[in-house]
1. Just wondering, is there one or more residues in the stretch 17-26 that are farther than 30 Å from GLY247 by Cα, loosely packed, with under 10 Cβ neighbours inside 10 Å and modelled with pLDDT under 95?
2. Return the total of residues in the stretch 246-257 being open to solvent by less than 30 Å² (accessible area, probe 1.4 Å), in contact with a Pro (Cβ under 9 Å, 6 or more places away or on another chain), of a type outside the set (Ser, Thr, Tyr) and assigned to a loop (DSSP other than H, G, I, E, B).
3. Among the aliphatic types (A, V, I, L, M), surrounded by fewer than 17 Cβ atoms within 10 Å (Cβ to Cβ) and under 15 Å from TYR243 (Cβ atoms): which single residue out of ALA43, ALA89 fits that description?
4. Considering each residue of the stretch 215-245, count those that are in a helix (DSSP H, G or I), without any contact (Cβ under 8 Å) to a residue 24 or more places away in the chain and more than 11 Å from the chain's Cα centre (by Cα), and give that number.
5. Can you pull out the residues in the stretch 293-306 that are open to solvent by less than 50 Å² (accessible area, probe 1.4 Å) and of a type in the set (D, E, K, R)?
6. Restricting attention to the stretch 204-213, does a residue exist that is aliphatic (A, V, I, L, M) and open to solvent by 40 Å² or more (accessible area, probe 1.4 Å)?
7. Condition first: among the aliphatic types (A, V, I, L, M) and either surrounded by fewer than 18 Cβ atoms within 10 Å (Cβ to Cβ) or at pLDDT below 80 (or both). Now tell me which residues in the stretch 337-372 satisfy that.
8. So, in the stretch 310-336, of the ones that are at pLDDT 90 or above, in contact with a strand residue (DSSP E or B) (Cβ under 9 Å, 6 or more places away or on another chain) and among the polar types (S, T, N, Q), which residue ends up surrounded by the fewest Cβ atoms within 10 Å (Cβ to Cβ)?
Amino acid sequence: METNKRKGFLFKKYEAPNLSPFDKIFEIFKELITHTSGDFDEAIDWLRELDKEYKLTDSSYTIDDFIEDLKKKGYIREEIKDDGSGGLAITSKTERAIRQQALDQIFGNLKRSGSGNHKTKHSGNGDEHTGEFREFHFGDSLERISLTESLKNAQVNNGIDSFKLTEDDLVVEDAQFKAQMSTVLMIDISHSMILYGEDRITPAKKVAMALAELITTRYPKDTLDILVFGNDAWPIAIKDLPYLKVGPYHTNTVAGLELAMDLLRRKRNTNKQIFMITDGKPSCIRERDGSYYMNSYGLDDYIVDKCYAMAQQARKLHIPITTFMIANDPYLQQFVNYFTEANQGKAFYTGLKGLGEMIFEDYETNRKKRIK
């Protein structure tokens, strides 16, 4: 007797993933360690407070047990602090876990794939097969000739009785070039990134970690340099991202752009771009004699003109700049509009919500085309 099987949806009460006590707390710990800029002691203090309020642990598994597991699993290590006292600090294993969590949160559960997955619209002697065929052209590699398809053409064109294979019968499997992208991500660490009761540096930091993890795992042929800018600009390593903090700085956008273009000049990739995350107006310039010219009130023409000049210089070098303005001050929009026009780049006026997705989508779009 046959049983009729019906397709449809089954609705039931949500069941949380079956995680171990360590894994449950570890997810929270990774968030806290990001917000505390890598300060293990402060993160644990916050974790203990959350445990008191939300009963994260019980007598069978305590916060102290969690700390011991962190040690055993290699997520923390003993270190000597600057004052000579001992303490605990996170390891590179934790740094990777934080970057992966940021990637999952912002860009979704992206899986590892082959290197250089981005394709351009240019076909020819590329390095990835498309499954499509085209006529043989002088200069095509012999290894690319599809023997089966070529013999089929010869049979159709010349018949079986007078079978022969000519150059006109040859077809090759088409391929596409994999575009490689060199990106510089500029992060504003001026004091305004934590003013007015809004933490703007943590989301920016998460975006940087997620983008770094995306590129190193999914597009390993691409390059990503990260720099921060306040009164001056300097590069930071990917491993230093969890520890990034805001300083008592003004905003020297020009210094950031100068360093970004200097980094990109050294890259051999054709495709180059700058992503700039900022929440404020440029308010600082370093003069040739080493002194600083600063003006926090309004848009200073002297500083703004220097920014426009840098945007035009980047345009001449075929380096588009995409500005992500994470503030909604209307008077800044005119500056960003002129800056973007000078560079022929793009600008997004956005809050903190959705910043990561916007950067990811723009990154994917840009590297699928050749910037000429």
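The values are calculated or read from the model by the stated rules, or taken from the named source; none is laboratory data. Fair warning: this is a prediction, and the values are worked out from it, not measured in the lab. Because the Cβ atoms are built from the backbone with ideal geometry, glycine has one as well, and the counts that use them run over all protein chains shown. Heads up: the accessible areas ignore ligands, DNA and RNA and are worked out on the full protein's heavy atoms, side chains in. Shrake-Rupley method; radii C 1.70, N 1.55, O 1.52, S 1.80 Å.
1. yes
2. Residues in the stretch 246-257 being open to solvent by less than 30 Å² (accessible area, probe 1.4 Å), in contact with a Pro (Cβ under 9 Å, 6 or more places away or on another chain), of a type outside the set (Ser, Thr, Tyr) and assigned to a loop (DSSP other than H, G, I, E, B): 1 in total.
3. ALA89
4. So the answer is 1.
5. ASP300, the sole residue that qualifies.
6. Within the stretch 204-213, not a single residue is aliphatic (A, V, I, L, M) and open to solvent by 40 Å² or more (accessible area, probe 1.4 Å).
7. LEU352, MET358, ILE371
8. Among those residues, the one meeting the criterion is THR322.
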